[in-house]
Amino acid sequence: MAIILFTDFGADDLYVGQIEAVLDRYAPGVRVIDLLHEAPTFNVRAAAHLLAALAQGLARGHVFIGVVDPGVGSERAAVVLRADGRWYVGPDNGLFSVIAARAAAKSVWHITGHALSVAPSFHGRDIFAPVAAAVATDDFPDENVAPAAGLQVDFGADDLAEVIYVDHYGNAFTGTRARGISPERTLLANGREVRHARVFADVPPGAAFWYENSSGLVEIAVNQGHAGRTLGLAVGTAVAWR
């Protein structure tokens, strides 16, 4: 088992280290994996689809701390989700709802108490990290949680026909799962037509194409180029098919 971090904090800022320090205090010796700290900033819906795609390829039993939380400090609930053998701890703002909607089996608890004094602006450190540590050390459920009927915010199981992430190469992940989409179809994005290729080397340098990426999502790329700049793509850009 490992604790896996998925946040929009940025890898070079000071917040990730503070969370890891709390995890070391409450779950010493448990491995911590930094999955992503450049999740779409403040964009919970896009992050929910990205996390759903990334989590499905990881082993069951892991505990995810997810923090894309523009409502931190508000009345939004904090939640623990167990879905298909993986655990998720974070805000009940929709971040885990795509995972929950697609799961064959799930259980939900709301976090009602806190092991630490809580800074209103840093629930990742003061609420989510101690609870995730309790899950990882088999000290869960405890007095800090209560069973819930389900998540309060639910984006549903359907795909999201938008760009949800642009990596440093400029490749644009969409929230559309590629399985079942014919390679004969043309993707439409920002007024441009993009045809399918299997891999980068199948098109000339500078050519745009769409393909199934390693996470099973439709991705828009430019061979040896930056699809985001070339096609004007950013998180939230709509895509369609013909």
Would you be able to say whether some residue in the stretch 54-72 is in a loop (DSSP other than H, G, I, E, B), in contact with a strand residue (DSSP E or B) (Cβ under 6 Å, 6 or more places away or on another chain) and surrounded by 22 or more Cβ atoms within 10 Å (Cβ to Cβ)? yes
Of residues in the stretch 7-25 being outside any strand (DSSP E or B) and closer than 20 Å to L81 by Cα, the one farthest from the chain's Cα centre (by Cα): L23
Got at least one residue in the stretch 44-51 being surrounded by 20 or more Cβ atoms within 10 Å (Cβ to Cβ) and either over 30 Å from V218 (Cα atoms) or in contact with a Cys (Cβ under 9 Å, 6 or more places away or on another chain) (or both)? no
List every residue pair whose Cβ atoms sit under 9 Å apart, with the two residues 6 or more apart in sequence or on different chains, where the first one lies in the stretch 28-57 and is over 20 Å from V16 (Cβ atoms) and in contact (Cβ under 8 Å) with a residue 12 or more places away in the chain and the second, anywhere, is polar (S, T, N, Q) and assigned to a strand (DSSP E or B). H49/T174; H49/T176
Over the stretch 5-55, the set of residues of a type in the set (A, V, I, L, M) and under 24 Å from Q152 (Cα atoms) is L5, A39, V44, A46, A47, A48, L50, L51, A52, A53, L54, A55
Scanning the stretch 178-208 for residues that are within 27 Å of the chain's Cα centre (by Cα), farther than 12 Å from A227 by Cα and buried (at least 19 other Cβ atoms within 10 Å of the Cβ) gives L187, H196
Boolean, G156 is free of Cβ contacts under 8 Å to residues at least 12 places away in the same chain, out of contact with any Leu (no Cβ under 8 Å at 6 or more places or on another chain) and not in a strand (DSSP E or B): no
Collect the residues in the stretch 97-117 that are in contact with a helix residue (DSSP H, G or I) (Cβ under 7 Å, 6 or more places away or on another chain), modelled with pLDDT of 95 or more and not hydroxyl-bearing (S, T, Y), keeping them in residue-number order. V98, I99, R102, K106, I111
Subset of the stretch 73-86, residues in a loop (DSSP other than H, G, I, E, B) and in contact with a strand residue (DSSP E or B) (Cβ under 8 Å, 6 or more places away or on another chain), comes to R76, A77, D84
Let me confirm something: among V203, V199, V222, V194, which residue is in the same structural domain as F173 (by TED's automatic domain parsing) and within 15 Å of D167 (Cα to Cα)? V222
Complete set of residues in the stretch 209-231 that are under 23 Å from the mean Cα position of the chain (by Cα) and assigned to a strand (DSSP E or B): W210, Y211, E212, L217, V218, E219, I220, A221
Scanning the stretch 185-208 residue by residue, those among the hydrophobic types (A, V, I, L, M, F, W, C) and part of a strand (DSSP E or B) turn out to be L187, L188, A189, V194, A208
Of (1) under 23 Å from the mean Cα position of the chain (by Cα); (2) surrounded by fewer than 20 Cβ atoms within 10 Å (Cβ to Cβ); (3) closer than 30 Å to G73 by Cβ, F128 satisfies every one except (2)
Odd one out for G170, checked against (1) at positive phi; (2) part of a helix (DSSP H, G or I); (3) of a type in the set (G, A, S): (2)
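The values are calculated or read from the model by the stated rules, or taken from the named source; none is laboratory data. A quick note: this is a predicted structure, and the numbers were derived from the prediction, not measured. Positions of Cβ are backbone-derived with ideal geometry, glycine not excepted, and every protein chain shown enters the neighbour counts.
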